[in-house]
Amino acid sequence: VHTRWVLRGTGTAPYAVYPGSMQGLHVNEGGVHGCTVVRVRGKKVISAQHVPIAPVVWQRVSIDASTLQPEEEEGAVTLLQLEAAASQCLAEAQQAMQMEAATLMEAAGLGFAPEVLVARLVLEGRTPLHKELAQKDVREDLQRQLSGQLSRFGIFVRDIRIATQPQLDFEALAARPD
């Protein structure tokens, strides 16, 4: 319901502009939010441009967990692998957010760049670490570590969702008699 949309008028039909919410309220309202500046000359709409003004951007960030492998020392190195993968994905999401805001600001000639990215991390893919990742304490440790490391860059991890699946050995399954 808070999604921005513009219905362009034709002929005598008017423009209909809904700017959406000026600030995303939760992770399902991701992306750069702001207002719409409508420029009019006489009785004609010249342009309707989105102008970013929200200081906070919510984003869903997917991480491919299929590359994560168990380590001999259970837990410690796995968490480091996760931190590295998550940090890279979050940095890329923040860069994309900043590029989107810059493009919008350039087009409109005004606006403010977002200062903070609040992310929901979603771990996806088949991994031998599926059971470990599903443990609440592992997710909470990762969330604390990432938020602590990345907060100085304006990146905060709101929560972590697990959408992984166990890794399957298809050759072993095919060789089974059942």
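Some notes on this structure:
- Radius 15 Å from Cβ of residue 30, net charge of other residues (Lys, Arg +1; Asp, Glu -1): +1
- Top of 56, 40, 138 by mean-square fluctuation, Gaussian network on the chain, Cα under 10 Å: 40
- For the chain, with all protein chains in place and a probe radius of 1.4 Å, 54% of the accessible heavy-atom surface sits on carbon or sulfur.
- Report summary: the helix-based calculation at 222 nm, which adds -39500 (n - 2.57) for every DSSP H run with n ≥ 4 and divides by the residues of the chain, gives -10500 deg cm²/dmol.
- Among beta bridges that DSSP assigns inside the chain, antiparallel share in %, nearest 5: 35
- Positive minus negative residues near residue 83 (Lys, Arg vs Asp, Glu; Cβ under 12 Å): 0
- Note on the chain: Cα convex hull, mean projected area over all directions, 15.2 nm².
- Across the chain, C-alpha contacts under 8 Å between residues 6 or more apart give a mean separation that, scaled by the residue count, equals a relative contact order of 20 percent.
- Full-stretch length increase - residue 5, residue 161 - with 0.36 nm per residue and alpha-carbon distance subtracted: 53.2 nm
- Residue of 16, 134, 65 that the Gaussian network model of the chain assigns the largest fluctuation, springs spanning Cα pairs under 10 Å: 16
- Taking all protein chains together and a 1.4 Å probe, the residues 3, 164 rank 3, 164 from largest to smallest accessible area.
- Per residue, segment 13-138 exposes 54 Å² of solvent-accessible protein surface, assessed with a 1.4 angstrom probe and all protein chains in place.
- Accessible surface, 1.4 Å probe, highest first, among residues 153, 112: 112, 153
- Accessible surface comparison of 100, 132, probe 1.4 Å, protein chains only, largest first: the order is 100, 132.
The values are calculated or read from the model by the stated rules, or taken from the named source; none is laboratory data. What you are looking at is a predicted structure, and each value in this text was computed from that prediction instead of being measured. FYI the Cβ positions are ideal-geometry reconstructions off the backbone, even for glycines, and counts take in every protein chain you see. Quick note on the areas: whole protein, heavy atoms, side chains included, nothing else; ligands and nucleic acids left out. Shrake-Rupley method; radii C 1.70, N 1.55, O 1.52, S 1.80 Å.
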